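One structure below.
A short reminder: the numbers here are calculations on the coordinates, not readings from a lab. Nothing here was measured: the structure is a model prediction, and the numbers come from that model. So basically every Cβ, Gly included, is an ideal-geometry build from the backbone, and we count neighbours across all protein chains shown.
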Amino acid sequence: MTAPLDRDSTQSPPLTAPATDRLISLDILRGIALFGVMAINVVFEFRISIFGQFLPASRSREAGTTFFTGSSSPDMTRLMWAVMSDTPFNRAVEDILARAVSMKAFALFSLLFGIGLAMQFDRIVAHRRIPLLLRRLLVLLAIGLLHLTLLWNGDILTEYALAGLIVLPFLFAPNWVVIASSLALLGVYFTGGLTSVVPLPSPAWMMQHVADANRVYANGSFLQILAFRLSEIGAIAPLHLWIFPRTLGLFLAGFMVWRSGIVREASGHRTMLLLTALAAFAVTIDAGSSLATVSLALAYGALVVSAASTPRGIRLLGWAAPIGRMAFTNYLMQSVIFGLVFYGYGLGLFGRLSVSLALGIGIIVYVLQAIASWGWLKLFQFGPVEWLWRSLMYNQLQPMRPRSES
């Protein structure tokens, strides 16, 4: 790990920050967070309509659970029914994901994104900060909009780009302004006031929409699904608006995490990280769902960074670093793969898989991505999308091979 760029050097600064200037603990944390994001996306948004979770009274036996009949043994039939139908096992898996992972993974990604912005700010020479970071966020916005419209309307990149543009001036603000603003924005999120100001569509609309989604997503062509996806964006928008203050607040909290130096010198702050995790877990016990989302994400992050600051922790968790280093590429590839699995232009399994089967597919995809990321980074220093993002940010093609080889 090299030091940030020395802006007092008499030599001309490089046009780009060195690609090797990374913290493996953050790559590990990003890789683990990506697993949580994948699990929630595949179970609650690719497998079924996102609006299904707001209609608990309409839950019924899962579709696609009667394949195993005929010559199957009674024991095998019972096992398959337990795994593939709307059983207590599947409901337990769904409940664990909702309580322990769900929005916590996204909150952790928001914190990491804020840390990443602050890192970029510190490592870019002063007079180039604004143009480069603006370009970085605008490129992210463009990719996010393409992802949102062409692949999957559960996209989070567009929200992150817009939030990044809003918080960019705070990188120049003193710590007390950043802290106060972060707390204020998180306070708005905790109160939940935006849920009444910007409500979801009516239950009757959602019930009809879930039925339409089951028909279109499972059986439609690419163009039919594209049209339906675009029609959903307005209805999904309130979900993003509800959490937008949290996204902004956690971006700003990420600024302060980076400025504190705790992440950069995690090995010297392990006690503080462990105490932070313990306190965050304690807060979570009696917290409401909004506060628990943030406190549990903070606890997870502190634990992982603390563990990854030791040689043993790196040996245990180091497998997550490559997939985390290529998180942008892997996130987009998951949308491509899950689209082919669940939508009508692929296997058409939308609305036809149980929670555990969908999660199992997601885990297989994640494991394959971890292996592929490890192999790719043996040869190249960026993932494909990371390379494109970085090249467009600097308006200069970046070397894909490590500098010693290029």
What are the DSSP H helices in the chain that stretch 18 Å or more along their long axis, judged by alpha-carbon atoms, and whose average Kyte-Doolittle hydropathy comes to at least -0.5? 24-41, 102-123, 129-146, 175-191, 203-219, 222-260, 270-285, 289-307, 327-342, 355-379
By average Cβ neighbour count within 10 Å, what is the ranking of 138-146, 233-241 from highest down? 138-146, 233-241
Mind ordering 120-127, 28-35 by average Cβ neighbours within 10 Å, highest first? 28-35, 120-127
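Quantify how much of the Cα-Cα distance distribution of segment 24-394 extends past 40 Å, in percent.
14 percent
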What is the distance in Å between the Cα centres of segment 264-313 and segment 141-206? 23 Å
Given 48, 177, 197, which one lies farthest toward the positive end of the charge dipole of the chain, if we put +1 on the Cβ of every Lys and Arg and -1 on the Cβ of every Asp and Glu? 177
